[in-house]
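This report concerns only the one structure given below.
The values are calculated or read from the model by the stated rules, or taken from the named source; none is laboratory data. As the structure is a computational prediction, the values presented were derived from the model and not from experiment. Because the Cβ atoms are built from the backbone with ideal geometry, glycine has one as well, and the counts that use them run over all protein chains shown. Each accessible area value is taken on the protein alone, full model and side chains, heavy atoms only, with ligands, DNA and RNA left out. Shrake-Rupley method; radii C 1.70, N 1.55, O 1.52, S 1.80 Å.
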Amino acid sequence: MSSQPPGSPELTVVMPTYQDPHCLELTLRALARQTLSPDRFEVVVVRDGGSADGYPQALAAGAGLRLRLVELAERRGRSGVRNEGVRHAAAPLIVFLDADSWSMPDLLDRHLAHHRTPGAAPVLIGRRDDIGLAHLPAVLRDEPAAIPRLSPYAGDMRFPPDGVPDERRDWLEIGWTVAYTHNISLSRELFDRVGGFREEFALSYGMEDIELFYRVDQAGASFGYDDDARVIHLPHHRNMGRNWAEMMANTRSIMALYPCLEWEFLSVIVGPEAVKRILFYRSLIRASVTQPTCAIGPAVTRLADRLPGPRVLWVGSGSADAGLPPEALTFDHTAPVGPSNFHLIGLAPPLAPGSLDAVVSVDFWRYLLWPELCQFVNASLLLAGEVHLVATGDSAPEMCAVDPESLAYLHRSLAAEFTVDRQEVPGLGAVLSLRPPRAAGGAPAYAQAAAAG
């Protein structure tokens, strides 16, 4: 952290607020009792338009703080209001809290101490406990010791089922996925370097903080976590249905910007289960790229001229040497990401429905867990009228077996929903071809071509 002139704040708390002075009052009261001396930090509150009713009383709760109020004439949304707060910050370290982030007394001390530790991660994530109404009296009485970390009603919802983070903390490898602005800190320099919050989200709810910290991650910054740097998420009314719809719409928009495995999972799964899946598939892909499996080349040689057209998504490896036509797309984790190659699983491809002639997965489908295989098939049949699951003779420890009994079981399972044909293609292996029931009409195109020839 850069040195500051004498008397300058060492830390700036940036806090947006909109129509929640009842929360802001409690949050400022908590900041006024921090163990960190009030001359060492400042608080920048940015009011994102709306009614000013209740705010004079709320701001009075911050008496004694270096408190600055920035008022916006028109609403700009969660990203714009935080960017505005940072522009008014005077300190080299930024701590993002929300107006409903009621802090423990040593919160700011812990954030500052972390960033002053040599070699510390550039981003510190703190704990955020949700509480039930049973604990609200303790907040109103300003009794932090009376609020338990865990109860049937409380805990950090990023770490269910018991609200305790995994002791191995391998999830910090993708710490950005849980980087909520309720309680997180980084340097002003790093924030500015990645360009701040993306304001295109405007007034829609959610994921703007995750997207920011994804860019922080891509810039090479690591994440730390302090379970004792703790805030309480105050109860306040939320329109959960609307918030959820806006959050998923934002996620789909982000997925179009970053067509990668991590955002693909976040677009279909949220919370800790998404984190588990991302870590699992990251490790699996690292292992898979070292295996001689999933080779696209032989499948192209034996199937391409038997498919309905050239607009085929090939899922596998070795695409650079497969002789693919320019219309083809690939999900090849051994090749660089580019306009026609994405590092995806295939759960929510950023492609238009009906834009493909076929989808062919060469062995890679055998790495998928059953929920992901089902989702891959469903998503693929929205893109194309047929999906071909190729099972070559190659194998790896993490792969589904392709013995006759296993293939027969898969055939029966998928046939409950789709029209399924199973063929043995010489020089390649077994192929399960899936089509929607309405497209039933005999053997797959390449099988018909083989019979005709």
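Quick notes
- Residue in region 417-426 that is in a helix (DSSP H, G or I) and either within 21 Å of P298 (Cβ to Cβ) or within 31 Å of the chain's Cα centre (by Cα) (or both) present: no
- Filter result for the condition that a residue is touching a strand residue (DSSP E or B) at 6+ places or on another chain (Cβ under 8 Å) and among the basic types (K, R), over R198, R169, R193, R252: R169
- Some residue of region 223-245 being basic (K, R), within 29 Å of Y18 (Cβ to Cβ) and in contact with a strand residue (DSSP E or B) (Cβ under 7 Å, 6 or more places away or on another chain): yes
- Residue ID - most open to solvent (accessible area, probe 1.4 Å), chosen from residues in region 378-407 that are small (G, A, S) and touching a strand residue (DSSP E or B) at 6+ places or on another chain (Cβ under 8 Å): G393
- Residue in region 28-40 that is within 26 Å of F197 (Cα to Cα) and buried (at least 23 other Cβ atoms within 10 Å of the Cβ) present: yes
- Among residues of region 215-262, those that are among the basic types (K, R), open to solvent by 50 Å² or more (accessible area, probe 1.4 Å) and part of a helix (DSSP H, G or I), counted: 2
- Single condition G354 does not satisfy, out of (1) assigned to a loop (DSSP other than H, G, I, E, B); (2) small (G, A, S); (3) modelled with pLDDT under 95: (3)
- Check on L136, in contact with a helix residue (DSSP H, G or I) (Cβ under 8 Å, 6 or more places away or on another chain) and on the phi < 0 side of the Ramachandran plot: no
- So R87, is it within 21 Å of F213 (Cα to Cα) and surrounded by fewer than 15 Cβ atoms within 10 Å (Cβ to Cβ): yes
- Answer from G54, G119 - the residue that is out of contact with any Gly (no Cβ under 8 Å at 6 or more places or on another chain), open to solvent by 10 Å² or more (accessible area, probe 1.4 Å) and at pLDDT 95 or above: G119
- Residue check for E211: outside any loop (DSSP other than H, G, I, E, B) and either touching a His at 6+ places or on another chain (Cβ under 7 Å) or touching a residue at least 60 places away in the same chain (Cβ under 8 Å) (or both): no
- Residue in region 101-110 that is surrounded by fewer than 16 Cβ atoms within 10 Å (Cβ to Cβ) and basic (K, R) present: no
- In region 171-211, residue nearest to H111 (Cα to Cα) [restricted to those that are of a type in the set (S, T, Y) and open to solvent by 10 Å² or more (accessible area, probe 1.4 Å)]: S187
- Matching residues in region 57-82 - criterion: being in a loop (DSSP other than H, G, I, E, B) and either open to solvent by less than 70 Å² (accessible area, probe 1.4 Å) or of a type in the set (D, E, K, R) (or both): A61, G62, G64, L65, E74, R75, R76
- Scanning region 349-377 for residues that are under 21 Å from A256 (Cβ atoms), surrounded by 22 or more Cβ atoms within 10 Å (Cβ to Cβ) and not β-branched (V, I, T) yields P349, L356, F376.
- Listed conditions (1) at pLDDT 90 or above; (2) within 18 Å of T334 (Cα to Cα); (3) over 14 Å from the mean Cα position of the chain (by Cα) are all met by C260, apart from (3).
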